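A.B. asks: Let me give you the structure first, and then I'll get to my questions.
A short reminder: the numbers here are calculations on the coordinates, not readings from a lab. Quick caveat: nothing in here was measured; it's all calculated off a predicted structure. Methodologically, a virtual Cβ is constructed for each residue, glycine included, from the backbone with ideal geometry; neighbour enumeration extends over all protein chains shown.
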Amino acid sequence: MLEFYKFAYCGALVLSFAASLACFLSNRKYRGSVDAALAAAGHRPPLEVPERMKSYDLAYLNVFKAAAARQPTRLGKTVLQLYIRPTLLWIDVGFAISFSCFIALLWAGVPMLLPTLPYVAPVSQFCIAMALAYGVADVAEDLWLSKLLSQTSTITKTEAEVACRLTQLKLLTISLSLAGGLIFMLLSSVFPTRDRAP
């Protein structure tokens, strides 16, 4: 029975990482086109997608939304259209879910590999909690940003604050999961976004 659980654990770990990597790689083309189009839009400094920023406000979201709705990309859609779908919905949602599961599973295995080290179990439990919190925050951020950027009504100050707090919570929790932040930085450096240049 123990061997079955080990096999199931390893299988879940590999599958969640494979799903994360597949989502990450499939989104490179869309994120690259969005980045290149924003760089060519003429803003100084160039606009960034909100989810990559440490902080933003209502004014920034309105500027981004207006500019992204006008700016075409190489893929035949505007920046706004491409950013909402398929970048946020649903590739990034898929990445957030699979990556948070992978990091949680990774930390769940650490106490089994290092059972004699002190404080391994509580550190592992904390990092598992942060990994799962990251997944929830990232999915909520994707859904909320796509809602705000899709709506025809004016974005309110409260709605913008909620979006910013979700982004900050996502960045905080992935950093506190330790392995999540490190692996994401590694993926970003090994597989940089293509087509950054206009």
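A.B. asks: Which ordering of Arg31, Arg52, Arg85 is given by a fewest-first count of other beta-carbon atoms within 10 Å?
C.D. replies: Arg52, Arg85, Arg31
A.B. asks: With +1 on each Lys and Arg Cβ and -1 on each Asp and Glu Cβ, how big is the dipole of the chain about its Cα centre, in debye rounded to the nearest 20? It would help to have the intermediate numbers written out before the result.
C.D. replies: Working: 18 positive and 12 negative charges, 126 e Å.
About 600 debye.
A.B. asks: I'd like to know which of Ala22, Ile183, Val120 lies farthest towards the positive end of the charge dipole of the chain, counting +1 on Cβ of Lys and Arg and -1 on Cβ of Asp and Glu.
C.D. replies: The listed residue farthest towards the positive side: Ala22.
A.B. asks: Name the residue, out of Leu117, Leu89, Leu105, whose mean-square fluctuation peaks in a Gaussian network model built on the chain with Cα pairs under 10 Å.
C.D. replies: In this elastic network of the chain, the residue with the biggest mean-square fluctuation among Leu117, Leu89, Leu105 is Leu117.
A.B. asks: If you build a Gaussian network model of the chain, linking Cα atoms that sit under 10 Å apart, which residue out of Thr173, Thr87, Thr158 swings the most?
C.D. replies: Looking only at Thr173, Thr87, Thr158, the biggest GNM fluctuation is shown by Thr158.
A.B. asks: So which chymotrypsin sites (Phe, Trp or Tyr not before Pro) in the range 106-198 are both in a DSSP loop and have at most 13 other Cβ atoms within 10 Å of their Cβ?
C.D. replies: Details: sites: Trp107, Tyr119, Phe126, Tyr134, Trp144, Phe184; in loops: Tyr119.
Sites meeting the loop and neighbour criteria: Tyr119.
A.B. asks: Dipole magnitude of the range 113-188 about its Cα centre, charges +1 at Lys/Arg Cβ and -1 at Asp/Glu Cβ only, in debye to the nearest 20?
C.D. replies: 60
A.B. asks: Considering only lysines 8 or more places apart in sequence, or on different chains, count the pairs in the chain whose C-alpha atoms sit under 19 Å apart.
C.D. replies: Lysine pair count for the chain: 10.
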